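*Asks:* Take this structure, written in structure tokens, and hold onto it; I'll ask about it next.
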Amino acid sequence: MRNPIDALVERMARGLARRVSRRGFLGNVGALLFSAAGLPLLPVARGASPAAAGPAAAADRGDPQTCEYWRHCAIDGFLCACCGGSAHSCPPGTEASAVTWVGTCHNPSDGHDYIVSYNDCCGKSECGRCLCNRNEGDKPLYMPFKSNDYNWCAGSKVGISYHCSTARVVGVAK
Amino acid sequence: MKLGPFCAGVIAVACSPGALQPKAAQAIMLTPPVQANYMLNCMGCHLADGSGAAGKVPSVRDSLVVLSRSSAGRRYLVQVPGASQSPLSDLELAQVLSWMVRNLSARPVPADFAEFTAAEVAAYRRSPLVDVRQTRARLLEAD
């Protein structure tokens with residue numbers, strides 16, 4: 001006696017084979033895949049998304065793993081982009097110190113001065129890669145909120161161990 | 001369902017010249033100057049929302065409205081070292097303080113809130129506040 005499930009599947013398969021040519025089926029599957037990839041390109045209310053603080057991708061030139069990258073104009077420490085993180089995120093196992101210092105960097109690609117927050121990543125020993133010490137706008141320690149010589153991990157919740165520094169764009173000064 | 005016409009439409013849109021051109025450069029939205037001054041001179045410690053860091057930097061969210069009600073509180077807000085010693089001019093500092101009261105307070109700002117003025121800042125700023133913590137505690141304990 002035939003299993004009823006076998007019979008049902010056979011009936012459906014034979015029906016499908018009668019109705020659909022192999023090429024037509026493959027063509028439709030291909031078209032479906034293509035259109036699925038194409039749909040995100042359709043103009044769907046992108047104008048409504050809020051403007052990001054950072055520059056457009058085309059105007060964000062340079063390598064975040066180099067000291068010369070425009071956002072690093074006032075950084076003092078190891079670049080997190082070389083340490084498993086990025087210019088704006090901490091490597092795994094570290095935590096950003098919320099308390100930090102804030103300055104501006106000129107982006108030569110679009111001519112704007114961006115407000116950059118130099119949050120240190122804390123909780124692990126020093127990363128040791130890509131040491132970068134640029135001091136545009138840096139002030140002596142007696143102006144603490146304008147000095148990059150502080151270990152800003154003193155303001156973190158995970159302790160004073162300094163690992164690396166990020167450069168987060170938080171606004172546009174001019 | 002025939003997928004042909006639908007896919008032709010998708011291809012037409014996806015391959016049209018407009019779709020293939022890079023998006024026009026987004027207009028950069030400048031940060032309002034008063035907020036930029038807060039970011040550059042205060043936000044590093046007080047954070048974007050004024051909440052600070054517990055045990056290290058006091059939150060301003062509950063204290064701004066209380067302090068800005070009395071002349072002694074307003075004097076404190078101008079004289080506190082981070083404010084009085086900032087590189088901001090008297091007018092800029094007055095604008096930043098008013099902006100903070102209006103934008104960082106967790107409490108409702110009273111309708112009769114008086115904006116800080118450059119003259120008020122100039123009057124208070126030149127005399128130093130020595131005992132910051134005790135002054136702050138005394139001003140807030142009545143609340």
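*Asks:* Relative contact order of the range A:57-172: what whole-number percent is it, with Cα pairs under 8 angstrom and at least 6 residues apart? Let's see the in-between values first.
*Replies:* Values: 299 pairs, mean separation 40.9, N = 116.
For the range A:57-172, the relative contact order is 35 percent.
*Asks:* Right, here's the next one. Taking θ = phi - 60°, what integer Hz values does the Karplus form 6.51 cos²θ - 1.76 cosθ + 1.60 yield along the range B:105-122, in sequence order, with x for Gly and Pro?
*Replies:* Per residue, the Karplus-derived 3J(HN,Hα) values read 6, 6, 8, x, 7, x, 4, 9, 4, 9, 4, 5, 10, 4, 5, 5, 4, 4 Hz.
*Asks:* While we're here: I need the phi-derived Karplus couplings for the range B:67-81: 6.51 cos²θ - 1.76 cosθ + 1.60, θ = phi - 60°, integer Hz, Gly and Pro marked x.
*Replies:* 5, 6, 7, 10, 5, 5, x, 5, 4, 4, 4, 7, 7, 4, x
*Asks:* What FRET efficiency comes out for the pair B:ALA137/A:ASP149, r = Cβ-Cβ distance, R0 = 30 Å, nearest 0.05?
*Replies:* Efficiency for this residue pair is about 0.45.
*Asks:* Can you give me the distance in nm between label points at B:ARG69 and A:GLN65, each placed 7 Å from the Cα along the Cα-to-Cβ direction?
*Replies:* 5.7 nm
*Asks:* Turning to a different aspect of this structure: Angle check, please: helix A:4-19 long axis (alpha carbons) against the longest principal axis of chain A (alpha carbons), in degrees 0 to 90, nearest 10.
*Replies:* So the inclination is approximately 90 degrees.
*Asks:* Under a Cβ-Cβ cut-off of 15 Å, what is the net charge of the residues other than A:LYS124 that fall near it, where Lys and Arg count +1 and Asp and Glu count -1?
*Replies:* Values: positive: A:ARG129, A:LYS157; negative: A:GLU95, A:ASP120, A:GLU126.
Every neighbour counted, the sum reads -1.
*Asks:* Moving to a separate point now. Using a 7 Å offset from the Cα along the Cα-to-Cβ direction at both A:ARG2 and B:MET29, what is the distance between the two label points in nm, to one decimal?
*Replies:* So the two model labels end up 6.5 nm from each other.
*Asks:* Find how much the distance from A:GLU126 to A:ARG19 grows on full extension, using 0.36 nm per residue of separation minus their present alpha carbon separation; answer in nm with one decimal.
*Replies:* Values: separation 107, 0.36 × 107 = 38.52 nm, distance 6.73 nm.
Here the segment from A:GLU126 to A:ARG19 would lengthen by 31.8 nm.
*Asks:* Next question, about the same structure. Can you give me the long-range amide H partners of A:ALA96? Hydrogens built in the peptide plane at 1.01 Å from N, cutoff under 5 Å, separation of 5 or more residues or another chain.
*Replies:* A:CYS122
*Asks:* A further question on this structure: Cα to Cα, under 16 Å, and not fewer than 8 places away if on the same chain: which aspartates and glutamates meet these conditions relative to A:LYS146?
*Replies:* Output for A:LYS146: A:ASP76, A:ASP120, A:GLU136, A:ASP138.
*Asks:* Starting from 0.36 nm per residue, how many nanometres of slack lie between A:VAL29 and A:SER161 once their C-alpha separation is accounted for?
*Replies:* Values: separation 132, 0.36 × 132 = 47.52 nm, distance 5.52 nm.
That works out to 42.0 nm of additional length.
*Asks:* Rounded to two decimals, what is the ratio between the C-alpha radius of gyration of the range A:57-172 and 2.2 N^0.38 Å? Walk me through the numbers before you get to the answer.
*Replies:* Numbers: Rg = 13.1 Å, N = 116, 2.2 N^0.38 = 13.4 Å.
Ratio of Cα Rg to 2.2 N^0.38 Å: 0.98.
*Asks:* Show me, for the range A:26-33, the HN-Hα J-couplings you get by feeding each phi into the Karplus relation (A = 6.51, B = -1.76, C = 1.60, θ = phi - 60°), rounded to Hz, glycine and proline as x.
*Replies:* Along the range A:26-33, the couplings run 4, x, 5, 4, x, 4, 4, 4 Hz.
*Asks:* Run the helix sum for chain A: -39,500 (n - 2.57) per DSSP H stretch of 4+ residues, divided by residue count, reported at 222 nm to the nearest 500 deg cm²/dmol. Intermediate results must be reported in sequence, preceding the final value.
*Replies:* Numbers: 2 runs with 33 residues, N = 174.
Calculated from helices alone, the mean residue ellipticity at 222 nm is -6500 deg cm²/dmol.
Read-outs throughout are calculated quantities, based only on the coordinates presented, and are distinct from any laboratory measurement. Please read these numbers as outputs of a predicted model, since none were measured by experiment. Every residue, glycine among them, receives a Cβ derived from its backbone with ideal geometry; neighbour counts consider all protein chains shown.
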